[in-house]
Structure formats: C-alpha cells, structure tokens
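The values are calculated or read from the model by the stated rules, or taken from the named source; none is laboratory data. Just so you know, these numbers come straight off a predicted model, no measurement behind them. Ideal geometry is used to build each Cβ from the backbone, glycine not excepted, and the neighbour counts take in all protein chains shown. In case anyone asks, the SASA skips ligands and DNA or RNA and just uses the protein heavy atoms, side chains included. Shrake-Rupley method; radii C 1.70, N 1.55, O 1.52, S 1.80 Å.
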Amino acid sequence: SQEYLQAVMALRKQPEGYQDGYDAYLKDVLGVIFSDTGNGNKAFSPLCLYMALGMTAEITDGTTQQQILDVLHQPDIATLRERAKSIWLANYMDDGLSKLVLANSLWMNTGRNYEQSVLDTLANNYFASSYSGDPSSEKYSQKLREWINEQTDGLLENMLSDLKLDPDLMIALVSTVNYCGKWADPFLKSKTKDGTFHAPLGDVKCKYMCTETGHEIFYGDHFECVSLPLINNGSVRFILPEEGMTPEELLMDEELLQFLNTESY
C-alpha cells in the first residue's frame, strides 16, 4: 500500500552520517574474507557481520572492545550503537514481495547472572531478542534451531540438524540476514539456453537464464558489470574480471571496492 511504502521511505531517512565508517569496514572485511583463495564458493553478508560484531562489542570492554571498534571504524561504543540502529532501520524491508531483515538474538545460561542494562541496549539498538535456558538440554538447542529457521524461512534447515549449544555456555550471540527480491524484469523460461561455465576446476555444462532488457552495464578499469534491478529492493550485480585477473585479485582493486558499496556509479 502507499502508506506502507511511505513508512519504509521514512525508515530510509536516517540521521546524516549514520553510514560513516562502513565503507572503510567493508573494504577491510572483504580483504580478509576473500584472502583465502580456496576452490569453494563463498557467500557472506558484510551487513550481518557488522551487526554481529557490534553486539559483540557491547558485551566486552577494554582492549577487546577497542579492537572491534577499530574493525568497524567507529570512534566509540555510543556512536556505534546509534549507527547500528540506523543501519538496521535503513535496510529493513518486508512487504510480501521483497525482504531484507536482520535478526539478532542473545542466548543465555539460566545458571549465570547478566546485566539487564546490556540486554536492554542490545534490544533497543540491535533489535535483539533474549532467551534463557539450560544449554545442556536438547530442548534449548532445538529452540535455537527453530529461531534460525523462522528468521531464514527454513532455507538453512538442512544445515542445522547438528547445531547444539555448548553445555558450558556463558552467552551466544546469533545474527541472521534474510534477503530476497523479485526481478523487475523476470527471466522468461523460453529464453533459457544450454551453455558452458568456465569454472576454475574445468568447464561445466549448465543452463543459462538469458535476457536482453532491463539491465545496466558498468565498466571499470579491470572489470565490467551487468546490474539487474529488483522490485523495491536494490539490484543484483554480476561482475566479470578482465581477462587474466582472478576474482581474488579483483577484490583487492580500489575501484571495485568503491563500486561494491556505491548505490549508483
């Protein structure tokens, strides 16, 4: 409805400077995550990791807290919590067609004592739910698995069967990201073609979805990109390194790092 869209747009209007430090954090974390040049595919959300690190900073102090603040490029814990809250709100989307929900939770041991003020801070600024139970019980671990499945629409269910809480648990912070969207210009099944994907370990026969409309093309010094829009929820960018450059090498390119965190280019 129009009222819902207006409410979402209001969430996008966060205080000036709420993204300060995020570009530098993104550049650093991409370098760390993709520095391992193993053969497996990698998928991660720097936004989700930002929230998880922010919550971790809230339950630490001294040198440990400062190290996390340095990674997130934030001057102090008060500034971090304000910006984390704004980032959560600015990215929220769940209108039945598109979704971007960052869910956070805190899992405690009933045999331990916790500062209520910390729990309140995590709830108010990171929108974190709090749970308490016996970490040695299967029932409590099952509750955690159910929470993750609920937040991710069951997409991780096959990966969670062996997930259990540590019986000696002091505290566990769990963050998820649930993102989905519909193509603004859907792919037509009749356009799908057989093709060959040139993978690092050899060519692979596969099906290619094809379209000739609704996309933007960008060119960098060492890459080219096709961007396909989603309905009210950003876009998907498909990036191809220049010939002879590996994806890992490209991810160290200053121009690409700027491009990855720029809405328009």
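Restricting attention to region 219-265, which residues are out of contact with any helix residue (DSSP H, G or I) (no Cβ under 6 Å at 6 or more places or on another chain), of a type in the set (S, T, N, Q) and closer than 23 Å to M93 by Cα? The answer is S227, N232, N233, S235, T262, S264. The residue pairs whose first member lies in region 243-265 and is closer than 14 Å to E224 by Cβ and acidic (D, E), whose second member is modelled with pLDDT of 80 or more and open to solvent by 90 Å² or more (accessible area, probe 1.4 Å), and whose beta carbons are closer than 9 Å, counting only pairs six or more residues apart or on different chains, are D253/D221; E255/D221.
No other residue among Q65, Q6, Q14 is touching a helix residue (DSSP H, G or I) at 6+ places or on another chain (Cβ under 6 Å) and modelled with pLDDT under 95 apart from Q14. Pairs only if they're at least six apart or on different chains, beta carbon under 6 angstrom, first in region 67-82 and open to solvent by 30 Å² or more (accessible area, probe 1.4 Å), second outside any helix (DSSP H, G or I) and of a type in the set (F, W, Y); list them, first residue then second. Once the first residue is open to solvent by 30 Å² or more (accessible area, probe 1.4 Å) and sits in region 67-82, no partner that is outside any helix (DSSP H, G or I) and of a type in the set (F, W, Y) comes close enough. Checking region 29-43 against the condition returns no match, with no residue being among the aromatic types (F, W, Y) and either open to solvent by 80 Å² or more (accessible area, probe 1.4 Å) or assigned to a helix (DSSP H, G or I) (or both).
For L169, the conditions (1) within 30 Å of L119 (Cα to Cα); (2) open to solvent by less than 40 Å² (accessible area, probe 1.4 Å); (3) without any contact (Cβ under 8 Å) to a residue 60 or more places away in the chain all hold with the exception of (3). Among the residues making up region 177-208, those that are outside any strand (DSSP E or B) and either without any contact (Cβ under 8 Å) to a residue 60 or more places away in the chain or surrounded by 11 or more Cβ atoms within 10 Å (Cβ to Cβ) (or both) are G181, K182, A184, D185, P186, F187, L188, K189, S190, K191, T192.
Among the conditions (1) open to solvent by 70 Å² or more (accessible area, probe 1.4 Å); (2) in contact with a strand residue (DSSP E or B) (Cβ under 9 Å, 6 or more places away or on another chain); (3) among the aliphatic types (A, V, I, L, M), the only one that L49 does not satisfy is (1). I'd like to know if region 94-116 contains one or more residues that are under 12 Å from M51 (Cα atoms) and among the aromatic types (F, W, Y). No, region 94-116 contains no residue that is under 12 Å from M51 (Cα atoms) and among the aromatic types (F, W, Y).
If you filter region 98-119 down to residues that are over 27 Å from N178 (Cβ atoms) and of a type in the set (D, E, K, R), you find that the one that is nearest to the chain's Cα centre (by Cα) is E115. Does L53 fit the bill of being closer than 22 Å to V101 by Cβ, without any contact (Cβ under 8 Å) to a residue 24 or more places away in the chain and not in a loop (DSSP other than H, G, I, E, B)? Yes: the conditions hold for L53. Is it the case that A123 is surrounded by fewer than 18 Cβ atoms within 10 Å (Cβ to Cβ) and under 24 Å from A7 (Cα atoms)? Here the answer is yes, as A123 does meet what is asked.
Criterion applied to D120, D95 was being in contact with a helix residue (DSSP H, G or I) (Cβ under 8 Å, 6 or more places away or on another chain) and of a type in the set (D, E, K, R), and the one residue passing it is D95.
Reported count of residues in region 118-174, each being assigned to a helix (DSSP H, G or I), touching a Ser or Thr at 6+ places or on another chain (Cβ under 9 Å) and not hydroxyl-bearing (S, T, Y), is 8. Taking every residue in region 116-130 that is farther than 12 Å from W88 by Cβ and pairing it with any residue that is at pLDDT below 95 and buried (at least 17 other Cβ atoms within 10 Å of the Cβ), at least 6 positions away or on another chain, yields no pair with a Cβ-Cβ distance below 6 Å. Taking region 213-240 as the range and being buried (at least 16 other Cβ atoms within 10 Å of the Cβ), of a type in the set (F, W, Y) and closer than 20 Å to K191 by Cβ as the test, no residue passes.
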